[in-house]
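Okay, structure first, notes after.
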Amino acid sequence: MRVLVTGGAGFIGTNLIKRLLKEGHEVISIDDYSTGSKENEVSGCEYIDGKVEHIKIYSKLNKHFDLIYHLAGLSRIQPSFNNPQETFNVNTGGTQAVCEFARLNNAKVVYAGSSSKWHNPYQSPYSTYKYLGEEICKMYKLTYGMNIEIARFYNVYGPNEVIDGDWAAVIGIWRRQVRDGQKITIVGDGEQRRDFTHVDDICDALWRIGMKNEKHEDAWELGTGMNYSINEVFRMFLERYQHIEARFIPDQAGNYRKTLRENDDSLERLGWKPSDKLRDYILNLK
């Protein structure tokens, strides 16, 4: 099968490409390396340096694809407040471009949605534009009869996660702070809870969604079904790095109190079996 992965040099894309190549598929990536890294490139995958919004102009993509994993996007809430236009261009405009490209190529699409769908979608540019991305997918699915599946991610962590820069999530931020000898920043009271999902489980679910013919009327919820408070996660870091200290900082706009997968469709219909790996992952960090 010929597979296109948008955002293939990013965190989840890199891990997914490894799985696809292992399964024997031909894989091409398009990524503009704004958040992805050349260091993440995997031997056996062809990489195109380009913007997903311009997907139709690249001659190397002028071929048939059976499946497109659309992972390209600006994936953090806080940076979206500073640059809403670019967030719209990539997360919404990019999704429109990918859906149209898939329509012309008669390709199946698996879209990387977000658990932010279950909160007020208008409380950050990120939430709004990921929500609009889902709506574009649903429109193409209904209007053009396309094969499009939505997968909503819950707080993904694991190998190749972003550590430096604005695009790091909490585990990556704390890893950087430990490396640099800084205090660990805890936003707000630290009692907000997150459903942390290991990237291997995410990629296994994406593989199942892409390769199976199971169709969801809404979206596949990809979380472990359990969550931890940020303070609890800090205590896991304290087990691993006994010398660290916490520093509480003011709460941030768009910060949710809880994420938690509550729908079991992905387990029951895909045979997906995520597991809680967070403490083991943290205790084995270098």
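The values are calculated or read from the model by the stated rules, or taken from the named source; none is laboratory data. Predicted, not measured: the structure shown is a model, and the values here were computed from it. Cβ sites come from the backbone with ideal geometry, for glycine too, and all protein chains shown count toward neighbours.
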Self-check item: Extreme residue, farthest from residue 196 (Cα to Cα), among residues of the range 216-256 that are surrounded by 15 or more Cβ atoms within 10 Å (Cβ to Cβ) and of a type in the set (Gly, Ala, Ser)
Solution: 246
Quiz item: Would you pick out the residues in the range 100-139 that are within 28 Å of residue 62 (Cα to Cα) and of a type in the set (S, T, N, Q)?
Solution: 105, 106
Quiz item: Filtering the range 15-33 down to residues that are crowded, with 23+ Cβ neighbours inside 10 Å and part of a strand (DSSP E or B), which residue is farthest from the chain's Cα centre (by Cα)?
Solution: 27
Quiz item: For the range 79-93, what are the residues that are in contact with a Gly (Cβ under 7 Å, 6 or more places away or on another chain) and either under 20 Å from residue 145 (Cα atoms) or surrounded by fewer than 23 Cβ atoms within 10 Å (Cβ to Cβ) (or both)?
Solution: 92
Quiz prompt | Selected residue (criterion: nearest to the chain's Cα centre (by Cα)) from residues of the range 1-14 that are crowded, with 24+ Cβ neighbours inside 10 Å and farther than 21 Å from residue 97 by Cα | solution = 11
Self-check item: From 75, 43, 80, 127, residue being touching a residue at least 40 places away in the same chain (Cβ under 8 Å), closer than 24 Å to residue 161 by Cα, in a loop (DSSP other than H, G, I, E, B) and not aromatic (Phe, Trp, Tyr)
Solution: 75
Exercise. Taking the residues in the range 157-176 that are outside any loop (DSSP other than H, G, I, E, B) and in contact (Cβ under 8 Å) with a residue 60 or more places away in the chain as candidates, determine which candidate is surrounded by the fewest Cβ atoms within 10 Å (Cβ to Cβ).
Key: 170
Quiz item: Looking at the range 269-276, is at least one residue of a type outside the set (Gly, Ala, Ser), surrounded by fewer than 16 Cβ atoms within 10 Å (Cβ to Cβ) and in a helix (DSSP H, G or I)?
Solution: yes
Exercise. For residue 255, indicate whether it is farther than 18 Å from residue 150 by Cβ, in contact with a Lys or Arg (Cβ under 8 Å, 6 or more places away or on another chain) and among the polar types (S, T, N, Q).
Key: no
Quiz item: Looking at (1) under 22 Å from residue 196 (Cα atoms); (2) among the hydroxyl-bearing types (Ser, Thr, Tyr); (3) at pLDDT 95 or above; (4) surrounded by 23 or more Cβ atoms within 10 Å (Cβ to Cβ), which is the one condition that is false for residue 129?
Solution: (1)
Exercise. May I ask you to list pairs of residues, at least six apart or on different chains, whose Cβ atoms are under 6 Å apart, with the first in the range 218-247 being closer than 14 Å to residue 189 by Cβ and the second being in a helix (DSSP H, G or I) and modelled with pLDDT of 95 or more?
Key: 246/234
